Each structure stands twice: as structure tokens, then as C-alpha cells.
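A.B. asks: Structure in C-alpha cells, see below.
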Amino acid sequence: MKVLKFGGTSVGSASRMKDVAKLICDGQQKIVVLSAMSGTTNTLVEIADYLYKKNPVSASEVINTLEHKYQAVIDELYSKDATKKQAADTLKTNFDLLRSFTKNDFFTLFEEKTILAQGELMSTAMVNLYLLEQGVKSALLPALDYMRIDKNNEPDAAFIREHIKKELAKLPKDTVIYITQGYICRNAYNEIDNLQRGGSDYTASLVGAAVKADEIQIWTDIDGMHNNDPRVVENTKPVANLHFEEAAEMAYFGAKILHPTCILPAKLEGIPVRLLDTMNPKAAGTLISNQLTKHKIEAVAAKDNITAIKIKSGRMLLAYGFLRKVFECFENYKTPIDMITTSEVGVSVTIDNTKNIEEIVNELKKFGTVTVENDMVIICVVGDMDSMNVGFQAKIVGALKEIPIRMISYGGSNYNVSFLVRKEDKKAALQALSQTLFN
Ligand code: ADP
Ligand code: ASP
Ligand code: MG
């Protein structure tokens, strides 16, 4: 069985939903993961924001506008009045729920997460109804009944595997298309939660791993993973093949086409992931698998909003235990470190989660002089970076000869070289790398 995920743009209008239906109806049984219609999750975030700010009037206005948009989609999507009514009745429960929060005095993270879940609940209900109207044997596979994260907000793979099988078994045997929600899940306390923004890709990979799919397909609005960020650099090209590790580095270091952690479940089960374009379904896209293209630099990505922290200590010289103490500060505040460089007199690390930066810096000051730099960007070059590929590093560093580089990291994996640069140098750095490495 294949698992196919369609992102927000791919289900962003009635006609796009019809296109998706055409793409998935080839008679083969499959699980289809859908995002919310594009823009919806942002709108739900806006609604929650107004409610946090105790402004139910503005929240209601945004809810009304969103509802009108959905009513128009219903009118266009279905041909039968009975189906239109059924869709309107279904969505009314979602909008009634949203409105109920404007009447409460309190608003917490729990209510916010329930609000954020409505987008995927609506898009899946709509596409499922459309397929049924078209006479397709389609059924909803409710993500809230099988997708779960644990106390550390990590997916609970055993739970997911067990419960998705149970939920699939409950549905009619002749079901051809199982439609499920991306992004949403329950947490360890059985509350509605989510896999973070962009998390529908993660759902697809987790579902694929749970059912041991033959292939996971991520359908989006571009013809595969490009060799540089198409939002910043012109003339980027799709990469035909990527190794799991290369794709994971790209996703983690900012290639928005994939959720940062979504490659891991597929990699663990050895399930190939194909990135495909809904607007151009014949395009080859990108195949992510265990296959490494040797001696090749594949692509470049950039991760924004990075903070660099330098801890300098005369006492680090010949000392042991210094790095442990430094890393413990980050561990105590559950703050992951992205890049590290060390010398005899100090260590520089980067983080992207600055929620606890004040506390971390205060603790670090016990061990040395601490400097913090905000607005930095990690530039990550991905490919076969085996040290025997002599000259690769020289070529990459050479491309950046005009750019001030704050940190360089190489040798942590065989698949990347990373640089820390200032935000204002990001575009020039990405362009220079594309020019030297791919043109
Ligand atoms: P979806 O809504 O389908 O999940 P996303 O907007 O999350 O789609 O991801 C697709 C977008 O990722 C593309 O439109 C593109 O602008 C952006 N993107 C950033 N880096 C890359 C890259 N290296 N290759 C392809 N797309 C990229
Ligand atoms: N709808 C969610 C978001 O916009 C999840 C996703 O699209 O992947 O972040
Ligand atoms: Mg996405």
C-alpha cells in the first residue's frame, strides 16, 4: 500500500480538490493524508491569537470570513444538493466549535490546539464527501484515533502502529481510499495536539512506517526538492535522487518542502519517499531512498532565526568536563543545539529555540565569558561529503570567499558542511553557492 500526502496548496480550492481526486483514483488501495486548505491554519492561529488577547469580536469576524470562504468551496465542489447540504452540516459543527471559544472567559493552550485541528478535520471531510459523491469507495480514517505523541512530544510509534491497524480494520473491507488528517494528533494526556507547523509530512511518514507502506509520496506545489531555496535563488533545479540522510539534512536545515523530522520514520523502515508536484504530476520529482549518488554535491538549504552563543574560558585549555557542563545547560532547558565548533579556548554553539535563552546564558556565565549573536543563518551544503572526495570543501568554501563566515562545521556527518552567516549575507551566500556548485 502507498501513502500519499497532499499539502495545503494541493487542496487549496474546489478545483484543486477535484485534481487530487483524479490523481488518487487509479483503482489502487491507498492512504491519503491531507493538510488543511492553504491559509486555513494561519487563519486559525490568528483566531487563537485574538482569543488569547481577549478580543472575541475580532476572533468572530475572522471566523465569519473563513466560513464564507468554505461555503463558496462547498458550492463549487459538489454537484448534488444533498451532498452540499451534508458538507454544510458537517462544517457547521467545526464552525460552531470555533465560535464556542469566543463565548468563554478563559483561553488556554488546550483550546488553541483544538482550534488548530479544525483545518485538517474540514479538508478531509470535504474531500471524502467529494469522493463518495463521485462513487469512489472512500472512508475517513480519523487521525485523532491513532496518531499520538508522548510526554516528550515525540511520536509514539508503537501506539500509532497498533491503533492505525485497529482503525483500518473497522472500515469496510472494500474501501479503496482511506482519507486521514495530517498534522493533528493526541498527546500523552489524550488531548488534541499537533505535530507542529508543516507536520502533515510527518504524519505521512509516520503512517507509512506504521503500515509498512511500499512508498510514501509527498505531493506539493513544486516538482521535487530543488538544489537551492527557490524562494531566494533563481534557476534552481529539482534533484532527482537523494539519500535519506541528505534529505533529512535538507529538511532539518530549512528546505520547507519537508517537515524537519519527517524523513526519520521512513528511513528507519527503509521506505522510499517521493516528492511530487500536484500541478505537474508527470514530472519525475525527487526520490529519497537508501541510494547515495557518490561524488556529488546535491543541494543547499538555509535555516533562519539562529542564535549563536560563544563561551570563552581560559580554563578550557587542557580541561576536561568543560564541554559536559556547557551541554548540560542546554539539556536542562530542553534546548537542542544545531552546530558546534570548539577550540582550545572556547566553544560556539547555535540554537534556534530561544525560549530559555536568558536562563541558559546565566548558567553558562559560571563557566566563562558568554557572547550572544542573534539573526544568524545556517547555510547547509548537502551531498556525498566523504573526506576522500578531495576538493569538495575547498570548492564550497571558495564559493563563499566574499561572505563573512562566523562558524564552519564539517565532519559531523558524511552528508553536510554547514556555515553560520549573518542574516544580511544569506541571499548572497545561497546565490554564490548555486553559481559555483550547480551552474
Ligand atoms: P505544502 O503546503 O504542500 O506542504 P510547503 O509550502 O510546505 O508545501 O512546501 C513547498 C514549498 O517549499 C515550495 O513551494 C518552495 O517554495 C519551498 N521550498 C523551500 N526550499 C525548497 C527546496 N529546496 N526545494 C523545493 N521547495 C522548497
Ligand atoms: N496545516 C498545517 C500547517 O499549515 C500542517 C501542514 O500543512 O503540514 O502547518
Ligand atoms: Mg509543508
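The values are calculated or read from the model by the stated rules, or taken from the named source; none is laboratory data. Values in this document were obtained by computation on a predicted structure and should not be read as measured data. Cβ: placed from backbone, ideal geometry, glycine included. Neighbour counts: every protein chain shown.
A.B. asks: Residue 164 versus (1) in a loop (DSSP other than H, G, I, E, B); (2) among the β-branched types (Val, Ile, Thr); (3) under 24 Å from residue 258 (Cβ atoms): which is the lone unmet condition?
C.D. replies: Only one criterion in (1) in a loop (DSSP other than H, G, I, E, B); (2) among the β-branched types (Val, Ile, Thr); (3) under 24 Å from residue 258 (Cβ atoms) is unmet by residue 164, namely (1).
Residue-by-condition table, conditions (1) surrounded by 21 or more Cβ atoms within 10 Å (Cβ to Cβ); (2) touching a residue at least 60 places away in the same chain (Cβ under 8 Å); (3) under 29 Å from residue 294 (Cβ atoms):
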| site | (1), (2), (3) |
| --- | --- |
| 372 | no, yes, no |
| 380 | yes, yes, yes |
| 384 | no, yes, yes |
| 389 | no, yes, yes |
| 396 | yes, yes, yes |
| 403 | no, no, yes |
| 411 | no, no, yes |
| 418 | yes, yes, yes |
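A.B. asks: Can you tell me which residue within segment 317-333, out of those that are within 28 Å of residue 414 (Cβ to Cβ) and buried (at least 17 other Cβ atoms within 10 Å of the Cβ), is modelled with the highest pLDDT?
C.D. replies: 330
A.B. asks: Can you tell me which residue within segment 167-199, out of those that are within 16 Å of ligand 1 (Cβ to nearest atom) and β-branched (Val, Ile, Thr), is surrounded by the fewest Cβ atoms within 10 Å (Cβ to Cβ)? Steps first, please.
C.D. replies: As a first pass, look at segment 167-199 and keep what is within 16 Å of ligand 1 (Cβ to nearest atom): 180-184, 194-199.
From what's left, β-branched (Val, Ile, Thr): 180, 184.
Numbers: 180: 30, 184: 27.
By that ranking, first place goes to 184.
A.B. asks: Can I ask one more? Name every residue in segment 297-312 that is more than 22 Å from the chain's Cα centre (by Cα) and within 16 Å of ligand 1 (Cβ to nearest atom), in order of residue number. Please lay out each step first, then the result.
C.D. replies: At the first step, the residues of segment 297-312 found to be more than 22 Å from the chain's Cα centre (by Cα) are 297, 308-312.
The one that is more than 22 Å from the chain's Cα centre (by Cα) and within 16 Å of ligand 1 (Cβ to nearest atom): 297.
A.B. asks: For residues that are assigned to a loop (DSSP other than H, G, I, E, B) and among the hydrophobic types (A, V, I, L, M, F, W, C), scanning just segment 167-182, find the one that is farthest from residue 334 (Cα to Cα).
C.D. replies: Keep residues of segment 167-182 that are assigned to a loop (DSSP other than H, G, I, E, B), which gives 171-176, 182.
Adding the requirement that they be among the hydrophobic types (A, V, I, L, M, F, W, C) leaves 171, 176.
Working: 171: 40, 176: 43 Å.
Taking the candidates together, the pick is 176.
A.B. asks: I'm trying to understand the selection: among the residues of segment 217-230, which are within 16 Å of ligand 2 (Cβ to nearest atom) and over 15 Å from the mean Cα position of the chain (by Cα)?
C.D. replies: 222 - this is the single residue of segment 217-230 that is within 16 Å of ligand 2 (Cβ to nearest atom) and over 15 Å from the mean Cα position of the chain (by Cα).
A.B. asks: A further question on this structure: Taking strands (runs of 3 or more DSSP E) that fall entirely within segment 183-265, which contain at least 2 residues that are in contact (Cβ under 8 Å) with a residue 60 or more places away in the chain and within 11 Å of ligand 3 (Cβ to nearest atom)?
C.D. replies: Values: elements: 184-186, 192-194, 215-220, 241-243.
Per the criteria, 215-220.
A.B. asks: In segment 7-47, what residues are over 21 Å from the mean Cα position of the chain (by Cα) and either assigned to a helix (DSSP H, G or I) or within 14 Å of ligand 1 (Cβ to nearest atom) (or both)? Steps first, please.
C.D. replies: Of the residues in segment 7-47, the ones over 21 Å from the mean Cα position of the chain (by Cα) are 13-19, 21-30, 47.
Of everything in segment 7-47, those that are over 21 Å from the mean Cα position of the chain (by Cα) and either assigned to a helix (DSSP H, G or I) or within 14 Å of ligand 1 (Cβ to nearest atom) (or both) turn out to be 13, 14, 15, 16, 17, 18, 19, 21, 22, 23, 24, 47.
A.B. asks: Restricting to segment 20-49, name every residue that is near ligand 2 (Cβ under 9 Å from one of its atoms), polar (S, T, N, Q) and either touching a residue at least 24 places away in the same chain (Cβ under 8 Å) or within 16 Å of residue 101 (Cβ to Cβ) (or both).
C.D. replies: 35, 38, 40, 41
A.B. asks: In segment 272-296, what count of residues is obtained for those that are crowded, with 21+ Cβ neighbours inside 10 Å, away from ligand 2 (no atom under 16 Å from the Cβ) and closer than 30 Å to residue 387 by Cβ? Please lay out each step first, then the result.
C.D. replies: Taking segment 272-296 first, the residues crowded, with 21+ Cβ neighbours inside 10 Å are 273, 275-276, 285-286, 288.
Right, trim to away from ligand 2 (no atom under 16 Å from the Cβ) and you get 285-286, 288.
Then drop every residue that is not closer than 30 Å to residue 387 by Cβ, which leaves 286, 288.
Looking only at that region, the number is 2.
A.B. asks: Out of the residues in segment 48-60 that are among the charged types (D, E, K, R) and not in a helix (DSSP H, G or I), which is farthest from the chain's Cα centre (by Cα)?
C.D. replies: Filtering segment 48-60 down to residues among the charged types (D, E, K, R) leaves 49, 53-54.
Remaining after also requiring not in a helix (DSSP H, G or I): 53-54.
Values: 53: 28, 54: 30 Å.
Within segment 48-60, the match that is farthest from the chain's Cα centre (by Cα) is 54.
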